[in-house]
2 protein chains.
Amino acid sequence: MKTGDSGEFGLISRIAAQVHSHQGVITGIGDDAAVTVLTPDMQLLTSTDMLMEDIHFRRRWHDPYRLGRKSLAVSISDLAAMGAIPRWALLSLAIPADLPPNFITECTHGFLAMAEEYSVTLIGGDTCASRSGLVISVTIMGEQRPELILRRSGARPGDDIWVSGTLGDAALGLKLLDFGFDSAQPRDSAGHTGRSLSGAEGAVSRLLDPTPRVTAGLALAASGLVTSMIDISDGILADFGHIAELSGVGGCLHLDDLPVSDCFRSIASAFNDFPHDLPLSGGEDYELCFTASPGDREKIIGLMKKCGNQATAVGIVSRQPEVTVVRADGSSYTPLSKGFNHLI
Amino acid sequence: MKTGDSGEFGLISRIAAQVHSHQGVITGIGDDAAVTVLTPDMQLLTSTDMLMEDIHFRRRWHDPYRLGRKSLAVSISDLAAMGAIPRWALLSLAIPADLPPNFITECTHGFLAMAEEYSVTLIGGDTCASRSGLVISVTIMGEQRPELILRRSGARPGDDIWVSGTLGDAALGLKLLDFGFDSAQPRDSAGHTGRSLSGAEGAVSRLLDPTPRVTAGLALAASGLVTSMIDISDGILADFGHIAELSGVGGCLHLDDLPVSDCFRSIASAFNDFPHDLPLSGGEDYELCFTASPGDREKIIGLMKKCGNQATAVGIVSRQPEVTVVRADGSSYTPLSKGFNHLI
C-alpha cells in the first residue's frame, strides 16, 4: 500500500494502525512492496477477486461493514477450496466522490474483522478515486504443504460428489432483497422477530455475510480422502462442472438430495412458483464441493461433523464427460439456468 | 483466474493459452488459487496497483497494447524499488460494455509482452463487467534473499540522494497529450520525423510505456551499497519524502542537478512559461531514487553504467526531518506542487 497514491495518506495510516500482524509478516503496509515469509516446505497459494458496485453489490442492500467482511470472505473461500491456510491479503479501493464519509471506515472495519477471524494480515493495497461506483479488489495469499493441496482436477469415476452445509440460501436472500426485503430492519427493530422473517434474515445474511469454510477445507485436505475440491460461487451445477472439466469426467447430481436449510424450506413452501433450482444454480453459497471414494462415506461425515459442519453426498462422478441432474424418482431434470451471474 | 466469473470462459481460455510459464509455477490459471513455490531462502515480495479509466489513463491517449504493458510495468517497478526479482502476476479486468471488441485482446497482449520481458508468469486474476470505465487491477509477486531487500527506511544523514535515468519526461508527455499531441500519429505516418516531434514522441512514450528499472534495482541490491530505495511514481520530491519519513531523516534536493533528457531540454527551451519543476514533482518517472554513502560515488556510477543506465547524485540526506530544494546558486526553491495526482 503506497502512501503516495491519490493523497490518501490519512485513510491508509488509519487502516494501517488497525492491522494486527499475524504469522510470516516481515514488512507490512508502507513500503513499495510487502515482505512475507512462507513456512518451510510450504507452497504459496494466491487468488484475487474484484467486487464492482451494481455488479456484485448494491449500496442499498450491502451495508459497508458486511461488504468489507464479504470482500475478504469470498477470497478466503478460494483458499479454503484448495485446503490452504490463509495468511496475507491486499486490499485496493477505488472510491467514488459520493460515498458517505464513514462508508470506507466501516468497510475496512468489516474487512479487518474478517481478517482477524482467520488470522489473515492486511499487508498492502492501493487507494484511488473512482469516476463512478466503488471498486474493491482483494488478493489473498495462503500456504500449504504440497501433498495436501486439493485441486479441481482429481475426481475419479465412481467417486461420491459431496457438498458442505446447505445450498440456495444466498440466492434466496438475493431474491428477497429484490422483492423489497429490508436487510437492515430486522437487526434494528425489536418488532421483527417472527419465524418467517428471521428465516428471511438468515437467507439474506448468507448472501451479505458469507462464511468461508476454512476449517472444513483444512480438515478435508489433512484427511487425504478427497480427490478434488472447489468452492461453490456460481451454483453447484456450474462449479461441479469445473471439477468435471478439469478431471476429464462427468457426473450425475441428485436434485432432491441437495441440502437446504430449514429457513429455505419454510420460505420455499410459502410461495407458489418458487424457483426450486436455487440450490442447484443459485450461486454465492461459498460451500465446498468435493469428491471422494464411496468407501470413505462414514469418515467424511464424521470429519465434517467434528468441524461443526455437515456433509451431504449429492451425486456420483461418471466416466462420461457430461453433468446431468436427476430427480428422486430417477427422472431427468433440465436446469432452468446453468449458473449464477451475480446481479446482472 | 476462475473460469466461472461472468461467463468470460472464452476470454480467460484465450489469455491462458498465451501464457508462458517461468520459474516457480506449480499451478497457474484455472483453479481456485494459483500454486507457486519460492526459491529456497528467499522471502516473498508483493505489491498491487489499480488503474482506473479517466483517473490513471484515457482511452483516447492510451492505446490498449501499451496500456496493458504499463499496467504490469508500474507494479514491476515496485519490486525493482525493493531490489526484488519479479516472478508472478495476477490480472483483474472490469470491462465496460462499450469497449471495442479487440481492446482487451490487445491490452492482454501488451500485458503478456511486458511479462515475458521480465520472465513474469501470469498465474491468475478475475474478469467481470463494469457499469462505467475499464478497471485494471494488477498484483505482482517477487522474491529476494532477506539480506538484499532494500526498503524506504535505511537512509542515513550525510548519504547522497541518487536517481536513475532522467526525470520529468512522462509528466512532459502528459502535458503534450493534454495540449493535443496525437500519441498514435508519429508511429504510423512517415512524414513525422522532425527532431522536436520525435522528442515529443519520446516524452509521450515515457508516459505511455514506462520501463521498470529491474536490472538496476537488482544490481543495487546485490552491491550492498544502498541504504534505502523507492521508485518515483509521484515525483522525486514526494517520493524522497517517503524515504525521509520512514528513515526519520530529511534532505536537500538540488533542483539544477536533476537529470533531464535531451528531448526534455529541447522542448522546455522552446516554450515560455514552461513548468520547470516537472522533474521535481511531475510524476510517473518510474526511475529509482536511492541513498548511499558519499564514499561510494564512483562504485554507484560504474555499477549503473554496467546496467545500461545512469545515476545522478541530486542531493544530501540531512538529520533535520525536512525536505528542502535549492538552486545551483544556493538559493531556496519553493516547489509549485508537492506531487503528482495522475489525471485528476
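Just so it is clear, none of the values below were taken in a lab; they were calculated from the coordinates. This structure is a prediction, so every number in the text was calculated from the model and none was measured. FYI the Cβ positions are ideal-geometry reconstructions off the backbone, even for glycines, and counts take in every protein chain you see.
Comparing the protein assembly as shown with the 2.2 N^0.38 Å rule of thumb, its C-alpha radius of gyration ratio is 1.01 (two decimals).
Bridge orientation summary for the protein assembly as shown: considering DSSP beta bridges with both residues in this region, about 75 percent are antiparallel. Across the alpha-carbon atoms of chain A, the computed radius of gyration and Dmax are 20.6, 63 angstrom. The Cα-based radius of gyration and maximum Cα-Cα distance (Dmax) for the range B:11-55 are 14.2, 42 Å. Here's how it looks for A:G125: its modeled amide H is under 5 Å from those of A:K2, A:L91, B:T48, which are all 5 or more places away or on a different chain. The mean sequence distance of close C-alpha pairs (under 8 Å, at least 6 residues apart), as a share of the length of the range A:5-148, puts its relative contact order at 39 percent. Here the calculated FRET efficiency for B:E147 and B:S293, from their Cβ-Cβ distance with R0 = 25 Å, stands at 0.90, rounded to the nearest 0.05.
Relative contact order for chain B: 22 percent, from Cα pairs under 8 Å spaced at least 6 residues apart, divided by residue count. Evaluating 6.51 cos²θ - 1.76 cosθ + 1.60 at θ = phi - 60° for every residue in the range A:264-276, the Karplus couplings come out as 4, 4, 5, 5, 4, 6, 7, 10, 6, 6, 6, x, 5 Hz, glycine and proline recorded as x.
Across every pair of non-identical alpha carbons in the range B:218-344, the mean reciprocal distance, once inverted, gives a Kirkwood radius of 15.5 Å.
Taking the convex hull of the alpha carbon positions in the range A:5-148 and averaging its projected area over all directions gives 8.4 nm².
For the range A:231-286, state the semi-axes of the equivalent ellipsoid (square roots of 5 times the eigenvalues of the alpha-carbon gyration tensor), sorted largest first and rounded to whole angstrom.
25, 11, 9
Between amide H atoms placed 1.01 Å from N, distances below 5 Å from A:R151 occur with A:M229, all of them 5 or more places distant or on a separate chain. Taking label points 7 Å from Cα along the Cα-to-Cβ direction, B:I301 and B:F179 give a separation of 3.4 nm. Residue exposure proxy: A:S130, B:S47, ordered by other Cβ atoms within 10 angstrom of their Cβ from fewest to most, comes out as A:S130, B:S47.
FRET efficiency for the B:R319 to B:A268 pair, using the beta carbon distance and R₀ = 41 Å, is estimated at 0.75. Listing B:W61, A:W162 from fewest to most neighbouring C-beta atoms within 10 Å gives B:W61, A:W162. Beta bridges assigned by DSSP with both partners in chain A are antiparallel in approximately 75 percent of cases.
With +1 on each Lys and Arg Cβ and -1 on each Asp and Glu Cβ, and nothing else charged, work out how big the dipole of the range A:50-201 is about its Cα centre, in Debye to the nearest 20. With Lys and Arg at +1 and Asp and Glu at -1, about 160 debye.
What percent do you get for the relative contact order of the range B:160-326 when only Cα pairs under 8 Å and 6+ apart count?
44
Between the range A:215-258 and the range B:34-77, the C-alpha centres lie 33 angstrom from each other.
For the residues of B:68-79, the average number of beta carbons from a partner chain within 10 Å of their own beta carbon is 1. Between the range B:135-152 and the range B:291-320, the alpha-carbon centres lie 22 Å apart.
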